[in-house]
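Right, one structure below, let's go through it.
Laboratory data are not the source of any read-out in this text; all were calculated from the coordinates shown. In this text, all values refer to a predicted model and were calculated from it rather than measured experimentally. Virtual Cβ from ideal backbone geometry, glycine too; neighbours counted across all protein chains shown.
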Amino acid sequence: MSDKTVIAVIGCGRIAQGAHFPALSQIEGVYVKYACDLIPEKAEAMKEKYPSLVGEVITDYKIALADPEVAAVMVLTPNYAHYTVTMDALKAGKHVMCEKPVTTSYALSVEMANEAKRQNKILNIGVCNRYQSSVERLCEMNKNGEFGSIYHVHCSFRAFRSIPGLGGAFTTKAQSGGGVLIDWGIHFVDLILYVLGGAKIKTASATTYSEMAKDMKTYRYRGMWAEDTSDVEGGTNDVEDFVTAHVRTDKATISLSGAWAQNVERDELYIDFLGDKKGARLDYGGQFHLTSGEALETETSTHELENMYLKEDSAFLESIKTGIKNKNHVDNILESMKLLDALYLSAEKQEEVKL
Ligand SMILES: NC(=O)c1ccc[n+]([C@@H]2O[C@H](COP(=O)([O-])OP(=O)(O)OC[C@H]3O[C@@H](n4cnc5c(N)ncnc54)[C@H](O)[C@@H]3O)[C@@H](O)[C@H]2O)c1
């Protein structure tokens, strides 16, 4: 295995099984020496499915951290464990690719970034949409001034029924850091700041609601991401399922609305970039529709939509070889975490927060 980069995958739940293991299985130069999950059956399922990719199944991630052959780990656990597992891994001298959000708060995210710097290790965050080719093109167009000046961005991430793992880690604030805003909003906020070429947050104002599963037992739905845990004794739902917000930055203003669930049977996931020359609607995870104010015409992009996770994981493995920080490096995601924190604070205080 000496020619391959040896890694461990910590957390073998939905995102590991549905995105990262399939991606890693397509990358020649990687060997997952350890697949780790507190529930061993989940890691075993990955070993069974990818026998030549996966070595051992473990339940204690510290076994992988103690192995000098392991160069890097992927942290694919619920949000609350990102901090502890990542800090332990960095201190053990491993590079880390940690799923989004960085962790449950901005302050802890900064600590993680500082530890990566101290240990001189790469710490990347799984904001996979930065690897979508349509997003790359929007970035380029903005850099080239094709939009003129982007003065406002609006995004909507609203779904009919999509509360994940009701009653479990996703809906327990102490474990997730929040609801739809930190879970989905991080992708949208991060994409906006990325396409704008970075922006400093000046003020943030938000209101959040938790309306759709006040009584978990009577929440009606058709499908659920993560464990369906609403019947588990003692399950918790103390996070928001809806958010509305307004943000001022040193570039554009931003408005957003997000719903994990709503009584409108339509999913709307998009970002509108309003420029004085051109504007674009980016369908989340897909194409964009570009409108010219001069020609009064709209064109839809025709990008080949690639596997973002494959690009993200390949870029991480490349980064640990070269030592060059790429666009998913934690340093590039901190402003998004700062904004989420400010929005939660604003919602709690019921007033605008100045940064
Ligand atoms: N990039 C994306 O688009 C995307 C999509 C979904 C989820 N995510 C993120 O991925 C993370 C995981 O989400 P998921 O949907 O896969 O959750 P999940 O609950 O399906 O899986 C998490 C797994 O981690 C395991 N785990 C928890 N603590 C552990 C520990 N200390 N050691 C080993 N294993 C541990 C759990 O047993 C579970 O199997 C979350 O942070 C989520 O925000 C990202």
*Under a 5 Å amide H to amide H cut-off, with H placed in plane at 1.01 Å, what residues pair with residue 251 once short-range neighbours are removed?*
200
*Could you work out how far helix 79-91 tilts from the main Cα principal axis of the chain, as a 0 to 90 degree angle to the nearest 10?*
50 degrees
*Which angle from 0 to 90°, rounded to the nearest 10, does the C-alpha axis of helix 334-349 make with the longest principal axis of the chain?*
70 degrees
*asked:* Could you tell me the center-to-center distance, by alpha carbons, between segment 9-71 and segment 213-228 in angstrom?
replied: 29 Å
_Of all DSSP beta bridges in the chain, antiparallel share, percent nearest 5_ = 60 percent
*About its Cα centre, how strong a charge dipole does the chain have in debye, to the nearest 20, once Lys and Arg get +1 and Asp and Glu get -1 at the Cβ?*
720 debye
*Please say if segment 122-170 is rounded, prolate or oblate, where rounded means a/c under 1.5 for a ≥ b ≥ c the square roots of the C-alpha gyration tensor eigenvalues, and otherwise the choice is prolate for a/b larger than b/c and oblate otherwise?*
oblate
*Restricting things to alpha carbons, tell me how big segment 65-211 is in terms of Rg and Dmax, in Å.*
17.3, 53
*With only Lys, Arg, Asp and Glu charged, each at its Cβ (+1 for the first two, -1 for the last two), find how big the charge dipole of segment 100-146 is about the Cα centre; round to the nearest 20 debye.*
140 debye
*How many angstrom lie between the C-alpha centres of segment 77-132 and segment 307-345?*
9 Å
*Evaluated at 10 °C with a viscosity of 1.306 mPa s, what Stokes-Einstein diffusion coefficient in µm²/s does segment 60-148 have when Rh comes from the Kirkwood expression over alpha-carbon pairs?*
111 µm²/s
*asked:* Can you compute the FRET efficiency between residue 203 and residue 228 using 1/(1 + (r/R0)^6), with r the Cβ-Cβ distance and R0 = 35 Å? Round to the nearest 0.05.
replied: 0.35
*residue 261's amide H: which non-local residues (gap 5+, or another chain) put their own amide H closer than 5 Å, with H modeled 1.01 Å from N in plane and none for Pro or chain starts?*
159, 162
*Between residue 244 and residue 136, what FRET efficiency comes out of the Förster formula 1/(1 + (r/R0)^6) with R0 = 41 Å and r the beta carbon distance, rounded to 0.05?*
0.90
*Check the straight Cα-Cα distances from residue 62 and name the lysines below 21 Å, setting aside those fewer than 8 residues away within the same chain.*
33, 42, 47, 91, 94, 121
*What is segment 199-355 by shape, rounded, prolate or oblate, if you read a ≥ b ≥ c off the alpha carbon gyration tensor as root eigenvalues and call it rounded for a/c under 1.5, prolate for a/b larger than b/c, and oblate otherwise?*
rounded
